Amino acid sequence: MAARAYWQGQIRLALVSIPVEIYSATKSGAAVSFRQIHEPSGKPISYEKVVTGMGPVDVDEIVKGYEVSKGEYVLLEQDEIDAVKLESKKTLELTQFVDASEIDVLYYEKPYFVVPADDLAEEAFIVLREALRRTKKVGLGQLAMRGREYVVSLKPCGRGMVLETLRYADEVHKAQGYFREIPDDKPDAELLDLAEALIDRKTSAFDPQEFHDRYVDALKGLIERKRKAHGKKIIEEKDTGEAKGSNVVDLMAALRKSMGDKATPAKKEPAAEKAAAAKKTPARKPAAKKRA
């Protein structure tokens, strides 16, 4: 495996220890980064460390400080901070198992691939993986990595397993503060049926390859056009296709239109009305035959 392991150690379940390696499961996207440039010279702008009223300072004179009150700081040396850091323990002990649905999506932070460290670890690794899969449980524990302790979850993923770091409770906002003003009304039954039908029509298997960062693509296109235009300003007005004006929407009509149906179904003409219309229009007599 070409990638370098992020962490090496063992997963322990009671008296069973499984040597494993952990690799980052994600990578940074193809973001477009900009530098600030001094336009007259075309050179990048650098930043200096300055103190208000004193100007630039030497990097060796800079320490870290924690503000305990307005304008008052506790100063800490780097070696003092390093002494507090937790040592990266080489064991992840699974202390609890829960249903995956019990962990709110807000708590998940970053995923890592977990693989057996060697051939001898494979049997125990597979047993734990399949036991989690059959019981539909997620293992929980705490793990110290690179000076910080994380709550982590462990669950099956294909032939391997995925470890995900979780946020602590004080790192997640309470949803009630944001959702309190939303009314707890029951939706109209017909509207709900239409919405469900629309969801069913658009349901398919998830394929991440179908999605890409359109903003990054647009920026790269702009940069290339700007380069070819030798610095000439380029601004393109785009027609979004959205009607301007009132934001009031007929929800029923919008849902029906989304389903491809007409907002108001065609009415059938009653039989009595057809008969009356027939009386008003007399039948044509057949043309008389010409005598020889």
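The values are calculated or read from the model by the stated rules, or taken from the named source; none is laboratory data. As the structure is a prediction and not an experimental result, all values here were calculated from the model. So basically every Cβ, Gly included, is an ideal-geometry build from the backbone, and we count neighbours across all protein chains shown. Quick note on the areas: whole protein, heavy atoms, side chains included, nothing else; ligands and nucleic acids left out. Shrake-Rupley method; radii C 1.70, N 1.55, O 1.52, S 1.80 Å.
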Need pairs with beta-carbon distance below 7 Å; first residue on the phi < 0 side of the Ramachandran plot and free of Cβ contacts under 8 Å to residues at least 24 places away in the same chain and within segment 103-124, second surrounded by 12 or more Cβ atoms within 10 Å (Cβ to Cβ) and outside any loop (DSSP other than H, G, I, E, B); sequence gap 6+ or separate chains. Glu122/Pro116
Filter segment 16-31 down to the residues that are surrounded by fewer than 14 Cβ atoms within 10 Å (Cβ to Cβ) and within 23 Å of the chain's Cα centre (by Cα), then identify the one that is modelled with the lowest pLDDT. Ala30
Give me the pairs: first residue in segment 66-85 and in contact (Cβ under 8 Å) with a residue 12 or more places away in the chain and within 20 Å of Arg148 (Cβ to Cβ), second residue of a type in the set (A, V, I, L, M, F, W, C) and open to solvent by less than 70 Å² (accessible area, probe 1.4 Å), beta-carbon distance under 8 Å, and six or more apart or on different chains, which are they? Leu76/Val63; Glu77/Val63; Gln78/Val63
Positions within segment 87-116 being surrounded by fewer than 12 Cβ atoms within 10 Å (Cβ to Cβ) and within 19 Å of Ala144 (Cα to Cα), in sequence order: Glu87, Thr95, Gln96
Inside segment 188-240, can you point out the residues that are modelled with pLDDT of 85 or more and surrounded by 10 or more Cβ atoms within 10 Å (Cβ to Cβ)? Asp188, Glu190, Leu191, Leu192, Asp193, Leu194, Ala195, Glu196, Ala197, Leu198, Arg201
Would it be correct to say that Ser41 is within 30 Å of Phe211 (Cα to Cα), exposed (fewer than 10 other Cβ atoms within 10 Å of the Cβ) and without any contact (Cβ under 8 Å) to a residue 12 or more places away in the chain? no
